[in-house]
Amino acid sequence: MQLSKLFVALLASSSLLLTACGGSSSSGSSDTVNSGDSGSSDSGSGDSGSGTGTTAQASWSTPTELEDGSVTVSGLMVGGSANKPMMAYSKSGLLYIREFDGSNWSSAHQLAAYDGTHDISWAFNANGKAVLALENNATNSATGFTECRLDYYRYNGTQWGDYSRARHLINSSNNYTCHNVDDLKIALSDDDSVALIWNRSDLTSNKGRVQGCDSTDTCVTDATTSPATLGSDYNAVALGMGNAGEGYILKMETSKFGTSKSGVFATSFSDGNIGSSANIGDYPGNSRLARIAVNDANHALALFNANNTLQARFDNGSGFATSVELDDDLAGANYEATLEAYLSAGADYGLSLWVNDWTDLKTNISDAGSFAGTTVHPQNNDVIRSVTGAINDNGKAVIVWLGYDADAVTQTLSNGTIYSRFYDGSSWQDIETIDSDIDVASFLSVKGGLGVYLDNSDDVTLVYNAYKASQSTTEPKTFYTRRTID
């Protein structure tokens, strides 16, 4: 890694660590906490590739400001389903959601309290439904102690409802906060059942957890399976669900990280219960990169770093096929590096996306486990961050990212630029500039962020939080832009 890249990586990591570490309860390490997980389903009141190319011309709209000074703690997320883009963001300790109807964004819907210090996750299905998982520290009125409540909210295609409680995490004799919960993720099946995974940071074993709830928000409570652990030596890494409440969890061995290679396992998940596990690869001891995406056919795309090579495995419903090597040099890639797996909801088009050493952006387009050649996307900047992407049922794909330069001698950062590149079903089009003059230090703190949604009409919606170096206000603004057929 060049010196300038190392400097900015350390700068960005320090900023993120300051926001991620909120301290944890000293009581959280006691064994009584492990046995104190309380099951509950209480409801709250209240290159080359597959696909057909197109000759139609498309262009990005001029970025439009949605809110001025809106973001005090980011939490920006962008997603959607049934051709409806959606964004979630926090403002003044509250979580808001807005939807795009094709012409305008809805007014902000206040969903819940959210201060940005805890994990948040959401998921969509092809039926236009959504779920959002949120950690909630609350005081138990009976004991007077803080407990961690893992709640989720549903979107029925028209409106958001009240919360359902997936789990309580408690200590019967002391406070127990959500700072002990890491990597909370949620997935949504086409039958409206949900699954959540998380890790217990206060334990040395039995860290990986999973919970399932059906479409009526009845969650698994059987003492033998709730809270279901993923084994004494495993962390939950990734989660995906398809139809009929089925999906996969990726889990990894934890004790071998520092000494030798570790196994990565795909564990089946059905109707709120975990099933069998298959070892789909090995990790080098210092890496934790793994992702999985599952579509409506319960087909899956799994990516993982095996001995500094990027491996991909596709499951067509009959088990994971032999690994395909997408990159032979991930040396230097660590758990902070970017790795994402995307699989179109109603087809088997896949987008594998990864960044090595903060600067090398690569993608691979696949179709039903047939992987095209890897594309290296050229960069004019020293460093790239916040890379994300999407792929749709037509085999079209999009990626977006922030690029900037760093001077290790003067310890200064240039202003940043947001870029995009679109895959038309047969090849990647030219790189396009979305916006520039972005203050990088602010963007890399808790106040920046970007997300993208690609629908099956091939329209793209990009939302981002950015403080522009030329603006007069002191807080970042929220912008959006759309790429549509002219």
What is the one condition in (1) farther than 30 Å from Asn456 by Cβ; (2) in a strand (DSSP E or B) that Leu184 does not satisfy? (1)
Specify the residue that is nearest to Ser386 (Cα to Cα); the eligible residues are those in the range 70-92 that are open to solvent by 30 Å² or more (accessible area, probe 1.4 Å) and part of a loop (DSSP other than H, G, I, E, B). Val73
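The rows are residues; the columns are (1) aliphatic (A, V, I, L, M); (2) at pLDDT below 95; (3) touching a Leu at 6+ places or on another chain (Cβ under 9 Å).
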{"position": "Asn392", "(1), (2), (3)": "no, no, yes"}
{"position": "Ile399", "(1), (2), (3)": "yes, no, yes"}
{"position": "Ser427", "(1), (2), (3)": "no, no, no"}
{"position": "Asp430", "(1), (2), (3)": "no, no, no"}
{"position": "Asp435", "(1), (2), (3)": "no, no, no"}
{"position": "Lys447", "(1), (2), (3)": "no, yes, no"}
{"position": "Leu450", "(1), (2), (3)": "yes, yes, yes"}
{"position": "Tyr467", "(1), (2), (3)": "no, yes, no"}
Kindly list, by first and then second residue, each pair from a residue in the range 352-377 that is closer than 24 Å to Asn316 by Cα to a residue that is open to solvent by less than 10 Å² (accessible area, probe 1.4 Å) and among the aromatic types (Phe, Trp, Tyr), limited to pairs with Cβ atoms under 7 Å and residues at least 6 apart or on different chains. Ile365/Tyr423
If we ask which residues in the range 121-137 are closer than 16 Å to Arg98 by Cα, in a loop (DSSP other than H, G, I, E, B) and of a type in the set (Gly, Ala, Ser), their number turns out to be 1
Within the range 305-327, residues at negative phi and modelled with pLDDT under 90 come out as Asn305, Ala306, Thr309
Unmet criterion (only one of (1) assigned to a loop (DSSP other than H, G, I, E, B); (2) at pLDDT 95 or above; (3) surrounded by 19 or more Cβ atoms within 10 Å (Cβ to Cβ)) for His118: (2)
Counting only strands (runs of 3 or more DSSP E) entirely within the range 364-461, those with at least 1 residues that are open to solvent by 10 Å² or more (accessible area, probe 1.4 Å) and touching a Phe, Trp or Tyr at 6+ places or on another chain (Cβ under 9 Å) are 375-377, 383-391, 416-423, 432-438, 449-454
Expected single match for among the charged types (D, E, K, R) and under 25 Å from the mean Cα position of the chain (by Cα) among Asp430, Asp424, Asp405 is Asp424
Close pairs from the range 407-420: first more than 16 Å from His377 (Cβ to Cβ), partner polar (S, T, N, Q), Cβ under 6 Å, at least 6 apart: Ala408/Ser4
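For (1) touching a Lys or Arg at 6+ places or on another chain (Cβ under 8 Å); (2) not β-branched (Val, Ile, Thr), each residue gets a yes or a no:
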{"residue": "Ala341", "(1), (2)": "yes, yes"}
{"residue": "Gly350", "(1), (2)": "no, yes"}
{"residue": "Trp354", "(1), (2)": "yes, yes"}
{"residue": "Thr359", "(1), (2)": "yes, no"}
{"residue": "Ser366", "(1), (2)": "no, yes"}
{"residue": "Phe371", "(1), (2)": "no, yes"}
{"residue": "His377", "(1), (2)": "yes, yes"}
{"residue": "Ser386", "(1), (2)": "no, yes"}
Note on Tyr155: of the conditions (1) aromatic (Phe, Trp, Tyr); (2) open to solvent by 20 Å² or more (accessible area, probe 1.4 Å); (3) under 20 Å from Ser215 (Cβ atoms), unmet is (2)
Cross-chain or 6+ apart pairs with Cβ under 9 Å, the range 202-231 first and under 23 Å from Phe265 (Cα atoms) and modelled with pLDDT under 95, then part of a loop (DSSP other than H, G, I, E, B) and among the basic types (Lys, Arg): Thr229/Lys207; Leu230/Lys207
Residues located in the range 161-174, provided they are buried (at least 18 other Cβ atoms within 10 Å of the Cβ) and assigned to a strand (DSSP E or B): Tyr163, Ser164, Arg165, Ala166, Arg167, His168, Leu169, Asn171
Which of (1) touching a Ser or Thr at 6+ places or on another chain (Cβ under 9 Å); (2) more than 27 Å from Ile197 (Cβ to Cβ) is the odd one out, the single condition Ala138 does not satisfy? (2)
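The values are calculated or read from the model by the stated rules, or taken from the named source; none is laboratory data. No experiment lies behind these values; they were computed from the predicted model shown. Backbone-built Cβ (ideal geometry, glycine too); neighbour counts: all protein chains shown. Accessible surface is based on the protein model in full, side chains and every heavy atom, while ligands, DNA and RNA are left aside. Shrake-Rupley method; radii C 1.70, N 1.55, O 1.52, S 1.80 Å.
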